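The values are calculated or read from the model by the stated rules, or taken from the named source; none is laboratory data. Keep in mind that what you see is a predicted model, and the values were worked out from it rather than measured. A quick note on method: Cβ atoms are made from the backbone with ideal geometry, for glycine too, and the neighbour counts reach across all protein chains shown.
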Amino acid sequence: MKPIYFNIPAPLLIVMDDVGWWSGEDSHLSNEPFRTGISRNHCVNDYTAIAELAKMTGTRIQAGFVLCEWDRENILRNVPSSTWMGGDWDNSKHQGPWLDEAADVIIKNRPHIEIALHAIGHEYWKHPGPFSRAEWADMDGVMRPASDIVAHTEAFRKIMEQNSLGDFPTSFVPSAFKHCFGAEENGITPILKSYGINFISNPFDATVWEKAPEDPAFGIDGGIPFVNRGRGLISWKVIDASPEGIYWDGPICGLHWPNILNPVPEENSLTVECWADYLNKNYVRSKDRVMAKDSIDCWTQLLCSKKLPISLTDSAAVLDFSKLNAGRYPYLGKTFRIKTDFEISLPLNPSVLSVKKHGLLLFEYEIGIGSELENLTIRF
Ligand SMILES: [Zn+2]
């Protein structure tokens with residue numbers, strides 16, 4: 001008997017920008033960066049909040065970090081375009097025990113927080129003079145000089161090292177969403193690739209297009225998966241935001257750090273619980289959606305939900321892998337998930353994790369990509 005429901009659900013990955021500021025002051029009117037605008041300093045609790053939300057929704061949140069205020073050795077004096085102080089950069093007021101404490105939370109919660117490359121100072125300074133937007137590219141998507149891109153990226157790596165924050169990121173979120181897709185050798189992707197970046201997300205309506213993407217939800221930019229963040233449904237300025245009445249129909253839930261924080265840090269958990277309830281109700285328990293476990297899972301599940309056609313009969317489902325094979329898409333993971341209301345027996349000896357969840361069966365299947373598998377038949 002045919003199942004009533006059999007589907008490869010579309011993923012949702014939380015990408016949260018502007019994590020890493022210690023000052024919460026938005027000082028862009030006085031030539032300092034657009035920070036988070038929360039009316040207090042950030043604190044260790046604000047990092048715990050990210051980890052808690054990730055744990056409660058079974059995901060690894062991609063946190064786009066801004067790292068200038070983590071600089072323990074004032075190395076950014078040597079990268080004057082990265083901060084408002086230029087060659088006089090002095091970060092002493094943000095150097096204190098909270099750096100170790102927050103680093104500890106981030107490292108202990110590595111399965112729940114992914115550090116993504118977002119910015120050093122977020123904007124681009126020419127001294128003397130006001131900053132222009134943004135750090136990696138200008139308003140037309142034209143990349144900053146390659147030497148600056150490399151210097152900023154190196155500074156990000158060194159500041160991570162100063163703070164023992166782990167390996168260099170594999171994901172990139174352009175600051176202020178200034179990015180040109182398809183710029184190839186004239187763009188930022190060759191540099192990002194040399195640093196191991198394998199995932200970029202940006203709102204497609206903010207992207208400058210040198211060529212068209214393959215799909216409204218994704219493209220491949222210089223060999224790197226490029227995923228549509230969609231429209232900003234919640235402003236970066238909203239502190240303690242409510243998700244009720246909002247729905248992210250694309251693969252990315254694009255947020256900014258203060259959206260899930262409370263003006264009173266000790267009450268962050270109230271805001272986080274509200275977000276977790278919303279995400280569990282609308283995505284974890286939904287038939288046609290699933291929370292991405294991490295960035296690669298988001299990419300893989302997205303491709304499978306779009307490029308893995310299913311033929312459903314009374315006795316079987318046949319999944320056609322031909323569009324995914326032959327290395328057509330880079331950096332795919334090994335598993336994807338199926339949601340169905342039916343007990344199924346999987347062939348080919350897969351690593352089956354069948355979990356009964358909220359009345360739906362969630363199967364995880366080891367993908368046949370890269371093998372010669374063309375079809376997968378699942379019998380009911
Ligand atoms: Zn940002």
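Region 261-330 holds strands (runs of 3 or more DSSP E) entirely within its bounds, and those carrying 2 or more residues that are touching a Leu at 6+ places or on another chain (Cβ under 9 Å) and crowded, with 17+ Cβ neighbours inside 10 Å map to 289-291, 316-320.
Would region 123-132 turn up any residue that is at pLDDT 95 or above, charged (D, E, K, R) and within 16 Å of the ligand (Cβ to nearest atom)? Yes, because at least one residue in region 123-132 is at pLDDT 95 or above, charged (D, E, K, R) and within 16 Å of the ligand (Cβ to nearest atom). Any residue at all in region 2-9 that's in a strand (DSSP E or B), in contact with a strand residue (DSSP E or B) (Cβ under 6 Å, 6 or more places away or on another chain) and more than 22 Å from F131 (Cβ to Cβ)? The answer is yes; a qualifying residue exists.
For (1) away from the ligand (no atom under 16 Å from the Cβ); (2) under 21 Å from the mean Cα position of the chain (by Cα), each residue gets a yes or a no:
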| position | (1), (2) |
| --- | --- |
| D138 | no, no |
| E154 | yes, yes |
| Q162 | yes, no |
| S175 | no, yes |
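Scan I107, I113, I149 and give me the residue that is away from the ligand (no atom under 15 Å from the Cβ), closer than 29 Å to F204 by Cα, under 23 Å from the mean Cα position of the chain (by Cα) and surrounded by fewer than 21 Cβ atoms within 10 Å (Cβ to Cβ). Break it down into steps so the answer makes sense when it comes.
Working: I107 fails: closer than 29 Å to F204 by Cα; I113 fails: surrounded by fewer than 21 Cβ atoms within 10 Å (Cβ to Cβ).
Testing whether each residue is away from the ligand (no atom under 15 Å from the Cβ), closer than 29 Å to F204 by Cα, under 23 Å from the mean Cα position of the chain (by Cα) and surrounded by fewer than 21 Cβ atoms within 10 Å (Cβ to Cβ) leaves just I149.
Since A54 meets every condition but one in (1) within 30 Å of P309 (Cβ to Cβ); (2) not in a loop (DSSP other than H, G, I, E, B), which condition does it not meet? Among (1) within 30 Å of P309 (Cβ to Cβ); (2) not in a loop (DSSP other than H, G, I, E, B), the lone unmet condition for A54 is (1).
What do you reckon, is N74 in contact (Cβ under 8 Å) with a residue 12 or more places away in the chain, away from the ligand (no atom under 16 Å from the Cβ) and under 16 Å from A155 (Cβ atoms)?
Numbers: in contact (Cβ under 8 Å) with a residue 12 or more places away in the chain: yes; away from the ligand (no atom under 16 Å from the Cβ): yes; under 16 Å from A155 (Cβ atoms): yes.
Against the criterion (in contact (Cβ under 8 Å) with a residue 12 or more places away in the chain, away from the ligand (no atom under 16 Å from the Cβ) and under 16 Å from A155 (Cβ atoms)), N74 qualifies.
Only a single criterion out of (1) out of contact with any helix residue (DSSP H, G or I) (no Cβ under 7 Å at 6 or more places or on another chain); (2) touching a residue at least 40 places away in the same chain (Cβ under 8 Å); (3) in a helix (DSSP H, G or I) is not satisfied by K93, namely (2).
Restricting the first member to region 204-219 and to residues that are in contact (Cβ under 8 Å) with a residue 40 or more places away in the chain, and the second to residues that are part of a strand (DSSP E or B) and surrounded by 18 or more Cβ atoms within 10 Å (Cβ to Cβ), the beta-carbon pairs closer than 6 Å and six or more apart or on different chains are T207/F181; V208/C180; A217/N228; F218/V227.
For region 12-48, a tally of residues being within 16 Å of the ligand (Cβ to nearest atom) and either part of a loop (DSSP other than H, G, I, E, B) or in contact with a Lys or Arg (Cβ under 6 Å, 6 or more places away or on another chain) (or both) returns 16.
Conditions tested, residue by residue: (1) of a type outside the set (G, A, S); (2) over 21 Å from the mean Cα position of the chain (by Cα); (3) crowded, with 18+ Cβ neighbours inside 10 Å.
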| residue | (1), (2), (3) |
| --- | --- |
| A49 | no, no, yes |
| W70 | yes, no, yes |
| S81 | no, yes, yes |
| W84 | yes, yes, yes |
| G87 | no, yes, no |
| N91 | yes, yes, yes |
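Check region 133-150 and report whether any residue there is in a helix (DSSP H, G or I) and in contact with a Gly (Cβ under 9 Å, 6 or more places away or on another chain). Working first, answer last.
Of all residues in region 133-150, those in a helix (DSSP H, G or I) come to 146-150.
With the extra rule that they be in contact with a Gly (Cβ under 9 Å, 6 or more places away or on another chain), the set shrinks to none.
Taking every residue of region 133-150 in turn, none turns out to be in a helix (DSSP H, G or I) and in contact with a Gly (Cβ under 9 Å, 6 or more places away or on another chain).
For region 80-90, a residue qualifies if it is touching a residue at least 12 places away in the same chain (Cβ under 8 Å), more than 16 Å from the ligand (Cβ to nearest atom) and not charged (D, E, K, R), and the qualifying residues are P80, S81, G86, G87, W89.
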